[in-house]
Amino acid sequence: MATGQQDVEQLVARKYRHGFVTDIESDTVPPGLDESVIRLISHKKKEPEFLLQWRLRAFEHWLTMPEPDWAHVRIAPIDYQAISYYSAPKKKTDGPKSLDEVDPKLLETYDKLGIPLHERARLAGVAVDAVFDSVSVATTFKQKLKDAGVIFCPFSEAVQEYPELLEKYLGTVVPPGDNFFAALNSAVFTDGSFVYIPKGVRCPMELSTYFRINAANTGQFERTLIVADEGSHVSYLEGCTAPMRDENQLHAAVVELIAEDDAEIKYSTVQNWYPGDENGVGGIYNFVTKRGDCRGRNAKISWTQVETGSAITWKYPSCILRGDNSVGEFYSVALTNNLQQADTGTKMIHIGRNTRSTIVSKGISAGRGQNAYRGLVKILPGAEGARNHTQCDSLLMGSDCGAHTFPYMEIGNPTAVVEHEATTSKISDEQLFYCRQRGISEEDAVNMIVNGFCKEVFRELPMEFAVEAQNLLSVSLEGAVG
Amino acid sequence: MLSIKNLHARAGERDILKGLDLEVGPGEVHAIMGPNGSGKSTLAGVLAGRPDLEVTEGTVTYRGQDLLDLDPEERAREGVFLAFQYPVEIPGVNNVYLLKAALNAVRKHRGESELDAFEFLALVKDRMKLMQMGDSFLNRGVNEGFSGGEKKRNEILQMAVLEPALAVLDETDSGLDIDALKVVANGVNSLRSPDRSMVVVTHYQRLLDYIVPDFVHVLSDGRIVRTGGRELALELEERGYDWLRGGANAA
């Protein structure tokens with residue numbers, strides 16, 4: 001018969017599509033990290049003194065911290081002195097004032113990635129901020145957003161224009177000393193996005209940031225801060241890609257979300273950093289701290305993530321449910337193929353009364369991939385009437401991969417209702433044969449079955465992203481049947 | 001339509017088909033009967049290209065081409081349909097979604113345009129009436145939580161939508177009560193046509209009261225030991241399979 005292990009193995013080898021390198025002159029500081037590098041970054045960004053001091057405090061703290069080793073991942077030691085902490089495309093003038101001044105090569109790069117920055121070629125209704133290596137290169141739709149009172153700009157611009165907002169909110173959800181990678185990020189972060197939605201405003205379009213690591217031997221340390229003031233609403237999307245390189249590159253981002261009374265933030269991620277090759281050479285270390293604070297009553301924060309890339313993914317988008325009746329959600333699809341490793345999940349910290357949280361995690365392991373769900377549901381004594389529902393499903397493809405679940409619960413209030421469901425399943429030969437007998441190719445059959453498995457998460461994504469996520473999943477899985 | 005010559009096939013280390021010959025002409029309905037373990041389902045599996053079966057000898061020619069040379073999905077697109085004895089559940093995958101993907105794969109292969117959602121739904125609803133199936137079938141997962149009868153009806157629904165040239169029905173009657181059997185048989189009968197052939201694998205002749213075959217073959221120990229008309233099935237019903245087994249040995 002025509003189907004055999006060999007065919008399957010041949011199929012696995014589809015290449016990473018975003019693996020090109022843009023040939024562009026960049027201004028990169030030499031590798032290494034000490035106080036002078038931090039002063040240099042801060043100086044290049046013309047930062048106010050408070051921010052420099054903030055960075056330096058974070059750096060001092062970082063120096064005292066050990067690298068964490070509790071995650072279920074195997075990781076080669078990272079030489080923090082071998083990384084360059086700042087890389088920016090060289091600008092011909094003092095920086096682009098509009099899209100026309102942006103290096104055409106950069107625009108071409110984003111075109112290749114399918115992100116039309118030019119407003120006339122735009123994705124209808126999505127405003128895009130694009131971060132290339134360490135700096136933000138363009139933000140579209142600025143005027144329309146401004147008319148609505150929405151601030152959406154590169155982080156470095158926010159430092160200049162809205163320092164008082166930054167000083168008020170920065171680091172209030174993820175403190176600089178929160179964890180090893182958050183501390184490193186706080187010391188050396190270079191850019192990212194800042195969003196502020198004023199009281200009562202419903203953001204008129206989806207906001208989106210695309211991150212791209214281009215230069216070799218650099219790390220990407222961006223910082224995103226989203227503040228939704230009382231009664232406001234925003235949906236934010238982020239996407240990520242990187243060229244194929246043989247060495248591992250570090251991506252240590254921090255995302256902070258703040259939702260005041262009756263505000264809602266929906267944050268969606270499609271992460272497709274370079275995963276390394278089939279032997280596990282190269283790939284991005286994706287060590288990210290994401291946390292949302294439902295500060296006000298009836299606030300809602302919803303995380304949706306589709307994690308298909310990176311050699312190692314290590315992130316736990318979390319919600320602090322401080323306001324009474326506030327709601328936290330976490331919907332996740334994490335896929336590991338070849339030698340990829342993922343240790344991901346969430347923390348739901350119930351502080352306010354009648355707070356509710358939902359966790360839906362779908363882990364897909366193929367090849368020799370290792371996939372771990374790690375989650376904490378914590379009900380504090382004051383969280384009267386708190387509820388949580390956790391559903392944690394794993395799908396295994398082949399016999400060399402692994403799925404692991406580490407659910408933690410700390411219940412401090414007897415009125416809490418906490419539910420946990422978990423399943424593990426395999427794509428069976430019989431399912432594949434059934435689909436093929438109906439005329440559907442093996443690859444399409446796998447995609448169909450995997451998409452069926454992920455349905456509950458995909459339906460949380462905005463339309464354009466849901467389509468992209470499905471395509472991405474099928475590319476990442478190609479031939480991963482064993 | 002279908003010409004099988006000296007077919008030998010094994011599952012793992014076990015030889016199951018041992019020199020099977022069968023000729024099926026256009027529009028003909030052939031019943032394959034035989035005791036348990038005689039190789040009926042293996043024959044159905046080999047025709048559909050089940051990956052865990054290995055053909056060691058012989059040829060299968062389907063509409064002039066070497067069927068054994070084709071992948072299962074290619075056979076399906078060329079018009080070979082297998083109604084499974086035990087249709088598998090695929091949780092989360094919409095029943096109607098799978099069917100649409102299947103139909104469009106077949107149409108694409110034939111050089112026809114893919115049906116849009118409206119055309120497709122109209123077609124499916126029409127065929128569902130035939131199989132006396134409610135709309136709720138459409139949005140359930142493939143065979144997910146279906147009763148035995150529902151699964152078999154779903155198989156014939158798929159066949160009615162895909163309109164194959166060669167349908168292989170593997171014990172479609174097993175696990176059906178008499179009412180469900182009639183519905184399924186009606187569905188199958190409505191699909192009989194001068195250019196559609198059927199191979200109906202069954203253990204009991206009961207099904208053949210409703211789907212009346214042109215030929216009945218008795219399979220024993222991996223070979224066809226007797227061929228006749230409809231009356232052969234009735235004879236088997238009366239006398240069991242043992243007398244044939246003896247006959248096979250004597251021959």
Within the set of pairs 6+ apart or on separate chains, which have a first residue in segment A:46-65 that is over 13 Å from A:P175 (Cβ atoms), a second that is assigned to a helix (DSSP H, G or I) and of a type in the set (V, I, T), and C-beta atoms under 6 Å apart? A:E47/A:V159; A:R55/A:I38; A:F59/A:I38
For B:S3, the lone unmet condition from (1) open to solvent by less than 10 Å² (accessible area, probe 1.4 Å); (2) within 27 Å of B:E235 (Cα to Cα) is (1)
Does B:K100 satisfy the criteria of being more than 8 Å from every other protein chain (Cβ to nearest Cβ), open to solvent by 10 Å² or more (accessible area, probe 1.4 Å) and in contact with a Phe, Trp or Tyr (Cβ under 9 Å, 6 or more places away or on another chain)? yes
Out of segment A:288-328, which residues are of a type in the set (D, E) and over 17 Å from A:A383 (Cβ atoms)? A:E307
Residue among B:V188, B:V200, B:V161, B:V216 that alone is part of a helix (DSSP H, G or I), touching a residue at least 24 places away in the same chain (Cβ under 8 Å) and closer than 14 Å to B:H30 by Cα: B:V188
Considering only residues of segment B:63-77 that are buried (at least 22 other Cβ atoms within 10 Å of the Cβ) and either aliphatic (A, V, I, L, M) or touching a strand residue (DSSP E or B) at 6+ places or on another chain (Cβ under 6 Å) (or both), which is farthest from the other protein chains (Cβ to nearest Cβ)? B:L67
Among the residues of segment A:142-184, what is the count of those that are under 18 Å from the mean Cα position of the chain (by Cα), under 17 Å from A:K46 (Cβ atoms) and either hydroxyl-bearing (S, T, Y) or not in a strand (DSSP E or B) (or both)? 1
Residue that is farthest from B:G148 (Cα to Cα), among those in segment B:165-185 that are touching a residue at least 60 places away in the same chain (Cβ under 8 Å) and not in a loop (DSSP other than H, G, I, E, B): B:L166
Subset of segment B:141-151 that is more than 14 Å from chain A (Cβ to nearest Cβ) and either part of a helix (DSSP H, G or I) or not small (G, A, S) (or both) - its residue that is surrounded by the fewest Cβ atoms within 10 Å (Cβ to Cβ): B:G148
Pick out the one residue from A:A372, A:A403 that is under 24 Å from A:S302 (Cα atoms) and hydrophobic (A, V, I, L, M, F, W, C). A:A372
Within segment B:122-140, take every residue that is open to solvent by less than 70 Å² (accessible area, probe 1.4 Å) and modelled with pLDDT under 90 and give me the one that is nearest to the other protein chains (Cβ to nearest Cβ). B:R140
Considering each of A:V360, A:V377 in turn, give the residue that is touching a helix residue (DSSP H, G or I) at 6+ places or on another chain (Cβ under 6 Å) and in a strand (DSSP E or B). A:V360
Those residues of segment B:32-56 that are outside any loop (DSSP other than H, G, I, E, B) and surrounded by 16 or more Cβ atoms within 10 Å (Cβ to Cβ) come to a total of 13
From the residues in segment A:379-404 that are crowded, with 23+ Cβ neighbours inside 10 Å and at pLDDT 95 or above, which one is nearest to A:L432 (Cα to Cα)? A:T390
Note: among B:V60, B:V93, B:V80, B:V29, just one is away from chain A (no Cβ under 13 Å), open to solvent by less than 30 Å² (accessible area, probe 1.4 Å) and in contact with a strand residue (DSSP E or B) (Cβ under 7 Å, 6 or more places away or on another chain), namely B:V29
Among the residues of segment A:345-356, write down those that are buried (at least 24 other Cβ atoms within 10 Å of the Cβ) and within 18 Å of the chain's Cα centre (by Cα). A:G345, A:T346, A:M348
The listed residue being aromatic (F, W, Y), more than 12 Å from the chain's Cα centre (by Cα), at pLDDT below 95 and open to solvent by 10 Å² or more (accessible area, probe 1.4 Å), out of A:Y316, A:Y274: A:Y274
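Residues are listed down the side, and each one gets a yes or a no for (1) within 14 Å of chain B (Cβ to nearest Cβ); (2) modelled with pLDDT under 90; (3) buried (at least 17 other Cβ atoms within 10 Å of the Cβ); (4) part of a loop (DSSP other than H, G, I, E, B):
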position	(1), (2), (3), (4)
A:T415	no, no, no, yes
A:S425	yes, yes, no, no
A:Q431	yes, no, yes, no
A:V446	yes, yes, yes, no
A:G452	yes, yes, yes, no
A:V457	yes, yes, yes, no
A:N471	no, yes, no, no
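The values are calculated or read from the model by the stated rules, or taken from the named source; none is laboratory data. All figures in this text were calculated on a predicted structure; none of them were measured in a lab. Backbone-built Cβ (ideal geometry, glycine too); neighbour counts: all protein chains shown. What goes into the accessible areas is simple: the full protein's heavy atoms, side chains included, and nothing from ligands, DNA or RNA. Shrake-Rupley method; radii C 1.70, N 1.55, O 1.52, S 1.80 Å.
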